[in-house]
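The values are calculated or read from the model by the stated rules, or taken from the named source; none is laboratory data. What you see is a predicted model; the values in this text were computed from it and never measured. Note: ideal-geometry Cβ built from the backbone for every residue, glycine included; neighbour counts use all protein chains shown. Just the protein is used for accessible areas: all its heavy atoms, side chains included, with ligands, DNA and RNA removed. Shrake-Rupley method; radii C 1.70, N 1.55, O 1.52, S 1.80 Å.
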2 protein chains.
Amino acid sequence: MTLLTLGKQAKIASYSLSQASTRLKNELLMAMAEAIEAKTDLILQANQQDLTHAVDNGIDDTMLDRLRLTVERIQAMSDGIRQVASLADPIGEVDKMWKNEDNLTIGKRRVPLGVIGIIYESRPNVTTDAAALCFKTGNAVILRGGKEAFYSNQLLVTILQEVLTESPLSAHSIQFVSDTSRETARELMQLNQYLDVLIPRGGANLIKTVLATATVPVIETGTGNCHIYVDKAAQLEMARDIVVNAKCQRPSVCNSAETLLVHETIAAEFLPLVAAGLAPFNVELRGDEQTRRYLPEAILANEEDWGTEFLDFILAIKIVGSTDEAILHINTYNTKHSEAIISDNYFDTQKFLDHVDAAAVYVNASTRFTDGFAFGFGAEIGISTQKLHARGPMGLHELTSTKYIIYGDGQIRR
Amino acid sequence: MTLLTLGKQAKIASYSLSQASTRLKNELLMAMAEAIEAKTDLILQANQQDLTHAVDNGIDDTMLDRLRLTVERIQAMSDGIRQVASLADPIGEVDKMWKNEDNLTIGKRRVPLGVIGIIYESRPNVTTDAAALCFKTGNAVILRGGKEAFYSNQLLVTILQEVLTESPLSAHSIQFVSDTSRETARELMQLNQYLDVLIPRGGANLIKTVLATATVPVIETGTGNCHIYVDKAAQLEMARDIVVNAKCQRPSVCNSAETLLVHETIAAEFLPLVAAGLAPFNVELRGDEQTRRYLPEAILANEEDWGTEFLDFILAIKIVGSTDEAILHINTYNTKHSEAIISDNYFDTQKFLDHVDAAAVYVNASTRFTDGFAFGFGAEIGISTQKLHARGPMGLHELTSTKYIIYGDGQIRR
């Protein structure tokens, strides 16, 4: 099956899917959730095939854990699909409607994007998550997962398609690229004829490759070199708790913190306090010269450390002389994801909110909150770090476009 | 001056411009309008240089007319800038604000995109239009006009920069690429380090080149292969007036109609009626076999005609058996711009609105209304024919992005 065929099938499927009622889409999502549960044993078998291959190929434990499915994880996939079914459907919403000078009634109606491509790595739960979100928003989807999860992903898509086969909608609404070669990935990134948008989900290398290769419009997601700036007017224990949370609660995710900026007036008091908080997690500290005066155990940070998303128990630390210097450092090195200031000072917090260039800017809270669930969207397809179309956590609404519908009674242009 | 330098200057300028008050931006826009008026004679002289070169290079009359400035056209440019000043500023608007489960206050604030590149062709008025719209929305702009209008564009930008030089904002907020070579255009299209978005304004060839070359995010604009479908339940005289308006009022623009689809039951009556309406404009008719039974003067249309944006007094005509067939034809050949159905039938009009895939879908009105002014936006930077970020006429709002601002009191993620 060539990608051109998959693309054409997806485009055709997208026309009927775009017109499907919310009730039908929700009923089918519930049936998909049930089918996944009912086939738990088969899914575990397919996943075992992937795990065996992975072990043979000497894949590391972190990767292996991402790849592994369990009864609980499969249950979470089904629950996720049911959760998407329970959300309000944005398709058909008219954001606003007005009469223009010519007495035309103009409405801005939410419509699906059309055909969405998703390129992702080793977690098989992305398959059902992405499929459910695209389906709910009336978009056909072409899924291209990593080769490590091939058997798991293929079976999951087959189960979803079986539900569609017995429905009025096309099984091509959800498709899977079974060729996991790099050539096929490149072809997908350039399938302009059929793809309306491509969303990569994965590590920095995947995102970089997609941005360099794709000619299809891309929504850039995920890379997060996030900072916590502890101002001179910070409550130090609150600041410590936030830094420990942002660094250690789940260091492998994009909204965890990578660099700590500390105002010089509080450095002597705060640095030992935060170091003590981080110690139980064995966090490696990489500080500038000044930091090492207060924390001799810190390794000397180099230029590269300021620009690195460690995704690990490593924290870069820099002393700054002012909020302005903190803002300048952040705008120079960040990936426009999530940034936080800890301060009791009104003017410094306002300045930070105004001047820091990022998808999410926090005052007195952990950067870990940047996701669709924590924001209350009920779902998430990823976190956009670009400025076009969507910025920050993307829920159902961000998977839609608009169409102007215009009602006239014979108007012509003068 | 290299593009990297222009880009870096623009990025730096964009930081202060993004924080400028609406009052300051409006005062400077009013001063720019005044400066343009005051320098009318100089602008006419520079334009004369362009016109002389153009005549020497044997440029055709249509191009020459686009290039030509007059006192009235320069006045229109100033009026345009004042009009932009009078519009509401979207920057700083908070679209919505809510408390999440953790009691974080989350707001979605409108912010500028950052640095916008505009690549355009021979009309010098695009220079002041685009500069004013980007400036009002807090975006730095890099303008790259066609070589035909070089002297006019360069002087216009110099006049705008002189106003900025005497202000608290940077003159680099509005910059001009003075090297009009193709290599520089390509460099601009790949200036990912500094450009947040690139908007091409011009003909189909320019758009095609930009889409094929750019690695920067692009907003595709303008190409319009628009259709009018006259249903069997149409009021024929209204239909005639709309077809004549959509084809002839200004055939060179993207929202003019290129193909007429006519339901077979009314073809015998409607085709002679519409042909009589088009006759005073000497419209060349290109019909399918069936059309030529009723209009023997029509040339036989070929496959290519259905997909062509003529931008001229040429109309392709096809007879269809149903609204479904009309929709299928449109979705096969259109450029997703503007489409119209003329009908008194409730169900056919609803079906057309739902199923036609385009930025603007009309019932009983001319496609010529698709623009920011007719829609009531008060301004327009172009008409997007893509589905990401913006679709249809783009006003000030479409030149913005968003930033989540989050107020906490020590929240950490559990």
Residues satisfying the stated conditions in the range B:173-227, i.e. in a helix (DSSP H, G or I) and touching a Pro at 6+ places or on another chain (Cβ under 7 Å): B:Leu206, B:Ile207, B:Val210
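A quick yes/no check of all residues on (1) under 18 Å from B:His329 (Cβ atoms); (2) crowded, with 16+ Cβ neighbours inside 10 Å; (3) not assigned by TED's automatic domain parsing to the domain that holds B:Ser256:
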residue	(1), (2), (3)
B:Asn282	no, no, no
B:Gly287	yes, yes, no
B:Tyr294	no, yes, no
B:Glu297	no, no, no
B:Ala301	yes, yes, no
B:Glu304	yes, no, no
B:Asp312	no, no, no
B:Ala316	yes, yes, no
Among the residues of the range A:96-107, is any open to solvent by less than 10 Å² (accessible area, probe 1.4 Å), assigned to a helix (DSSP H, G or I) and of a type outside the set (Lys, Arg)? no
Which residue pairs have Cβ atoms under 7 Å apart, sit 6 or more places apart or on different chains, and have a first residue in the range B:383-403 that is more than 16 Å from B:Asn225 (Cα to Cα) and open to solvent by 10 Å² or more (accessible area, probe 1.4 Å) and a second that is in a helix (DSSP H, G or I) and not polar (S, T, N, Q)? B:Leu396/B:Leu133; B:Leu396/B:Lys136
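Out of B:Gly92, B:Gly58, which single residue is assigned to a loop (DSSP other than H, G, I, E, B), at pLDDT below 95 and assigned by TED's automatic domain parsing to the domain that holds B:Leu160?
Numbers: B:Gly92 fails: at pLDDT below 95.
So the residue among B:Gly92, B:Gly58 that is assigned to a loop (DSSP other than H, G, I, E, B), at pLDDT below 95 and assigned by TED's automatic domain parsing to the domain that holds B:Leu160 is B:Gly58.
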Considering (1) part of a helix (DSSP H, G or I); (2) within 14 Å of another protein chain (Cβ to nearest Cβ); (3) open to solvent by less than 80 Å² (accessible area, probe 1.4 Å), say which one B:Lys8 fails and leave the rest. (3)
Of the conditions (1) open to solvent by less than 30 Å² (accessible area, probe 1.4 Å); (2) under 18 Å from A:Ile116 (Cα atoms); (3) of a type in the set (Ser, Thr, Tyr), A:Thr215 fails just one. Which one is it? (1)
How many residues of the range A:233-264 are more than 10 Å from chain B (Cβ to nearest Cβ), surrounded by fewer than 24 Cβ atoms within 10 Å (Cβ to Cβ) and either part of a helix (DSSP H, G or I) or without any contact (Cβ under 8 Å) to a residue 40 or more places away in the chain (or both)? The answer is 4
Counted residues, the range A:378-414 - those being at the interface with chain B (Cβ under 7 Å from one of its Cβ atoms), in a strand (DSSP E or B) and in contact with a Gly (Cβ under 7 Å, 6 or more places away or on another chain): 2
Out of the residues in the range A:345-377 meeting the condition of being outside any helix (DSSP H, G or I), more than 7 Å from chain B (Cβ to nearest Cβ) and open to solvent by 10 Å² or more (accessible area, probe 1.4 Å), tell me which one is nearest to A:Val320 (Cα to Cα). A:Asn345
Would a scan of the range B:50-63 turn up a residue that is in contact (Cβ under 8 Å) with a residue 12 or more places away in the chain and crowded, with 24+ Cβ neighbours inside 10 Å? yes
Scan A:Ile142, A:Ile116 and give me the residue that is within 11 Å of chain B (Cβ to nearest Cβ) and assigned to a strand (DSSP E or B). A:Ile116
